[in-house]
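**Student:** The structure's right below; bear with me while I get my questions together.
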Amino acid sequence: MGDEVGGLAVNIGPQQSMALRVTSYRPLVRCSDDPGPLPQACQELIQRMPSTGSSPSAPKIIFGEAGDPDVQVGLPYTITEPSGQCEATITTVRGLSDLAKWYEMWEGVVAVAGMCVRAGYAGLGFHRGTRGYLTVTLTKGRAARGGVSEE
């Protein structure tokens, strides 16, 4: 046997119209030493975060520096869950724009939550987007920092 991982399950569901593809996934995540947000708050954020574009045919959108007329999502872009305890921020490396689907950003947040926040730390998901210029960070929200911005 080789190193094959994954497979395909077909004819799933009551109408047997769904398929599930299982593949390996190597998240590019780095946990920080900073205390992380509450896991429950981050789960709320994950449920509210845009996650469209999971189909292969879904178009990618341009994430980049705010003010660039070609950019569809200006960065940094921050999403905070309602209690203000968990915050996800999408940024770009060196101000470079990149193409990505919202689903890819959501996927990065889920990976950071699962690997870092669950262990009690803030974290960074990096090398997101077509060219790898996008990052997603999960940190304590403003309410958890006592209303003080870290910027």
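**Student:** Scan segment 29-55 and report the pairs whose first residue is at pLDDT 90 or above and assigned to a loop (DSSP other than H, G, I, E, B) and whose second residue is of a type in the set (Lys, Arg) and surrounded by 14 or more Cβ atoms within 10 Å (Cβ to Cβ), with Cβ atoms within less than 6 Å and a gap of 6+ or a chain change.
**Tutor:** Within 6 Å, the pairs are 37/140.
**Student:** Which residues, counting only those in segment 56-68, are free of Cβ contacts under 8 Å to residues at least 60 places away in the same chain and either under 16 Å from residue 91 (Cα atoms) or under 16 Å from the mean Cα position of the chain (by Cα) (or both)?
**Tutor:** Answer for segment 56-68, where residues must be free of Cβ contacts under 8 Å to residues at least 60 places away in the same chain and either under 16 Å from residue 91 (Cα atoms) or under 16 Å from the mean Cα position of the chain (by Cα) (or both): 61, 62, 64, 65, 66, 67, 68.
**Student:** Out of 131, 145, report the one residue that is among the basic types (Lys, Arg) and closer than 19 Å to residue 60 by Cα.
**Tutor:** Result: 131 is the single residue among 131, 145 that is among the basic types (Lys, Arg) and closer than 19 Å to residue 60 by Cα.
**Student:** Let me ask something else. Please pick out the residue among 100, 66 that is of a type in the set (Gly, Ala, Ser) and surrounded by fewer than 16 Cβ atoms within 10 Å (Cβ to Cβ).
**Tutor:** Answer to the check: 66.
**Student:** Would you point out the residue of segment 69-97, among those that are touching a residue at least 40 places away in the same chain (Cβ under 8 Å) and among the small types (Gly, Ala, Ser), that is surrounded by the most Cβ atoms within 10 Å (Cβ to Cβ)?
**Tutor:** 88
**Student:** Run residue 91 past the list (1) assigned to a strand (DSSP E or B); (2) in contact with a Gly (Cβ under 9 Å, 6 or more places away or on another chain); (3) hydroxyl-bearing (Ser, Thr, Tyr) and report the number of the one that doesn't hold.
**Tutor:** (2)
**Student:** OK, next. Could you grab the pairs with beta carbons closer than 9 Å, sequence gap of 6+ or different chains, first residue in segment 98-122 and touching a residue at least 40 places away in the same chain (Cβ under 8 Å) and farther than 26 Å from residue 64 by Cα, second one part of a strand (DSSP E or B) and among the hydroxyl-bearing types (Ser, Thr, Tyr)?
**Tutor:** 115/121; 121/32
**Student:** Shifting gears a bit: Using beta carbons and a limit of 6 Å, which pairs, at least six apart or on different chains, have the first residue in segment 123-148 and loosely packed, with under 15 Cβ neighbours inside 10 Å and the second one in a strand (DSSP E or B) and of a type in the set (A, V, I, L, M, F, W, C)?
**Tutor:** Every condition considered, the pairs that remain are 130/99.
**Student:** Filtering segment 95-151 down to residues that are more than 15 Å from the chain's Cα centre (by Cα) and among the hydroxyl-bearing types (Ser, Thr, Tyr), which residue is nearest to residue 36 (Cα to Cα)?
**Tutor:** Among them, the one singled out is 121.
The values are calculated or read from the model by the stated rules, or taken from the named source; none is laboratory data. Predicted model, so just to flag it, every value in this text is computed and none were measured. Glycine also receives a Cβ, built like all others from the backbone with ideal geometry; neighbour counts cover every protein chain displayed.
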